[in-house]
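Below: one structure, written as C-alpha cells.
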Amino acid sequence: MARNAGAPSCFPRNPNARLPEEPRLSASRHSPTDDAETAPPPEGRGAFGGFIGPRTLIDQVRVAAPYLFDASHPRSSERPNREALRLHELARHPLGWWEMLFRADLLPAQEQPSPAARTDYFALCLAAHFASCATYVPTDVDAKIRHALWFEQEDPTERAHMLNVAQALAHWDVRRFSARLCRTQADPIDLEPERIVSGHDGERLSVLVGAMLASIAFADVEAAARFEDLVDQELRREAAAFLALEREPGRELDLLALAATLTHNVGDVNQSLESSSAKRVGDAQKHRFGKLAQERPERYSGAYARAALLYRELLAPEGHRNYPLRRVKALRTHPDLLYPLGPFVDAWGERVATWPTFTSEIVADVVAALVDGCRRLGAQESYYRALAGIDARTSGGLLGRGLDAHHAPATRRALREPLLRRKIAVPRVSFESSYRKRVRALLGR
C-alpha cells in the first residue's frame, strides 16, 4: 500500500508477510521453541540480585515482539549471530542488541551478582528495552538502565565496560523495529540512521545521563566530561533537526511527530536527572540539561521550547503507551503492525483492515479496543482516526456485515453514537489540513 504523500514520514513499509504463530516461551540460546521438559525451571521474583531474572526478561520480550525470535521479521537475515563469551561484547554491532536476546543463557540468574554479571545484565536490559519500547508491551527496566545499575557498579573495569556499551547505543539500528522513526529530511526515501530521530534516542539520552551522573559520583572526571559532551551532542542534533524541519514548507505533520518525539525525549532526560540515586550529584549538569521543555527556552536555540509548545497545544492528549490495544495479541505478530505516533494514524487503520492474514473477527477485536480507547481517553484523536482508516478500507464500513457479526452489543452501540460517527466521517485530508494550519498559526508563519 503506498503511503499518502501528505502523511508524516513515520510509517514503515508493509510487506505481504505471513502471520507468525504465537510463540512458546523458553530461554534457549538459539531457538525460542525448545520442548517444555528441557527448559530450566522458572526464575523466581527478583532472581537477579533483587531484579527480574534474565530468562524472565527475555520471555517478556517474546510476548511483546514474537517476530524477533521466529525468523519472520523482514531483517532476520541481518542478525549478527556472533559468538561471544559475554553479552556486553555484542554491543558493538548495530543489531547486537538483537543477538543478546538469543544469548541470554550466558547470564544465569544470581542471588548475589558479581560485578561482571551486573555489566552483562545492564547490556541485556538495554537490549530488551530497545527491542520492546516501541511495542504495545514494553519491558519495565527504565530505572535499571537509567540509574540503579550504574550506581551499584563499584568495579572500575566493569564500569568502563558499561560506559562502552552506553556509547555503542548511538550505532544500534532500530529501523523496522519501530513505527515511530521520524525522518529529518524529505530525501532519500529509505530511512538512514543518521537522519532519524525517535523515542529510542530518548532512551539513549537517559542512559547517557545515568552514565554521566554515576561517573561524577565515582569521581571519574574524564568519563563524566565525555558523557556530558555526548548528552549535549545528541540534544544539539535533535534541536538542529527540529529547527531545520521547521523551515521546510509543507512538512507540518512531520514537524508535529518530531515535536512529540523531542518532548518525550527530554522527559526521559528529566527522569534520569531526577533519579533517587543521583540526588546529591551533578547539580551543574542538572541545571544545564534539566526541564528543557519547561524552563529557560533560550537553550538550544529555543528548539525544545517550540517543540513543547506544539506538543502541549496539539498533541498532549494523544499519549504514546496505547494501553487499550495491549489486549489484541494479533497486533504483536509483525513489526509493520506497530502503532505509530498519533494522531495521524489513518494509514495504520487501513493496514489493519487489509492485513492479509487478519480475519474479520481479528479486525473487529481491534475495533473494540479502539472504541474502548475512545471512551477511556476522552480528548485524544488518534483512535478515531484509526477507526476512520478501518472504516475506509472495510466493505460496508465498521457496521457492515463483515464486522458487525463480531461486535459485542456495547461496541455496536458505541459505533452508532453521533460523536464517534462525526469524528470518523471527517476526511483524512481535511483532518490533516486542520493540523497544518494550526501548526503554522502557533509558529507564527
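Points worth noting:
- Residue among Ala179, Ala143, Ala160 that alone is under 14 Å from Ile52 (Cα atoms) and among the aliphatic types (A, V, I, L, M): Ala143
- Apart from one condition, Ala293 fits all of (1) at pLDDT 95 or above; (2) part of a helix (DSSP H, G or I); the exception is (2).
- Residue within the stretch 275-286 that is in contact (Cβ under 8 Å) with a residue 40 or more places away in the chain, more than 22 Å from Val165 (Cα to Cα) and touching a strand residue (DSSP E or B) at 6+ places or on another chain (Cβ under 7 Å) present: no
- Sole exception among (1) aliphatic (A, V, I, L, M); (2) at pLDDT below 95; (3) touching a strand residue (DSSP E or B) at 6+ places or on another chain (Cβ under 9 Å) for Leu262, by number: (2)
- Some residue of the stretch 217-234 being under 19 Å from Ala307 (Cα atoms) and out of contact with any helix residue (DSSP H, G or I) (no Cβ under 6 Å at 6 or more places or on another chain): yes
- Just one of the listed residues (Gly378, Gly302, Gly389, Gly349) is over 26 Å from Arg62 (Cβ atoms) and either assigned by TED's automatic domain parsing to the domain that holds Arg236 or polar (S, T, N, Q) (or both), namely Gly302.
- Condition met for Asp120 (without any contact (Cβ under 8 Å) to a residue 40 or more places away in the chain and either out of contact with any strand residue (DSSP E or B) (no Cβ under 7 Å at 6 or more places or on another chain) or buried (at least 21 other Cβ atoms within 10 Å of the Cβ) (or both)): yes
- Those residues of the stretch 299-322 which are outside any helix (DSSP H, G or I) and of a type in the set (Gly, Ala, Ser), in sequence order: Gly319
- Flag for Val371 being part of a helix (DSSP H, G or I), over 30 Å from Arg438 (Cβ atoms) and out of contact with any Asp or Glu (no Cβ under 8 Å at 6 or more places or on another chain): no
- Among the residues listed as Thr394, Thr411, the single one being modelled with pLDDT of 95 or more, not assigned by TED's automatic domain parsing to the domain that holds Leu315 and not in a helix (DSSP H, G or I): Thr394
- Pairs are defined by a Cβ separation below 7 Å, a sequence spacing of at least 6 or placement on different chains, a first member in the stretch 70-91 that is modelled with pLDDT of 95 or more, and a second member that is assigned to a loop (DSSP other than H, G, I, E, B) and exposed (fewer than 15 other Cβ atoms within 10 Å of the Cβ); the pairs so defined are Ser72/Arg18; Pro74/Pro15; Leu90/Arg82.
- Within the stretch 196-225, the residues that satisfy the criterion of being surrounded by fewer than 21 Cβ atoms within 10 Å (Cβ to Cβ) and either touching a residue at least 40 places away in the same chain (Cβ under 8 Å) or small (Gly, Ala, Ser) (or both) are Ala217, Phe218, Ala219, Asp220, Ala223, Ala225.
- When every residue of the stretch 238-256 is checked against the conditions, none turns out to be at pLDDT 95 or above, touching a Phe, Trp or Tyr at 6+ places or on another chain (Cβ under 9 Å), over 15 Å from Ser198 (Cα atoms) and not in a helix (DSSP H, G or I).
- The stretch 354-375, residues that are closer than 24 Å to Arg75 by Cα and crowded, with 21+ Cβ neighbours inside 10 Å: Trp355
- Residues located in the stretch 107-130, provided they are hydroxyl-bearing (Ser, Thr, Tyr) and under 17 Å from Gly210 (Cβ atoms): Thr119, Tyr121
- Qualifying residues in the stretch 315-332 (those that are under 23 Å from Phe69 (Cβ atoms) and more than 16 Å from the chain's Cα centre (by Cα)) - the one surrounded by the fewest Cβ atoms within 10 Å (Cβ to Cβ): Arg327
- Here Pro113 passes the criteria (1) buried (at least 19 other Cβ atoms within 10 Å of the Cβ); (2) at pLDDT 95 or above; (3) out of contact with any strand residue (DSSP E or B) (no Cβ under 8 Å at 6 or more places or on another chain) except the one numbered (3).
- Any hit, the stretch 376-394, residues being in contact with a Ser or Thr (Cβ under 6 Å, 6 or more places away or on another chain), surrounded by fewer than 22 Cβ atoms within 10 Å (Cβ to Cβ) and closer than 30 Å to Ala71 by Cα: yes
The values are calculated or read from the model by the stated rules, or taken from the named source; none is laboratory data. If you're wondering where the values come from, they're calculated on a predicted model, not measured in any experiment. When we count neighbours, we look across all protein chains shown, and the Cβ atoms used for this are built from the backbone with ideal geometry, even at glycine.
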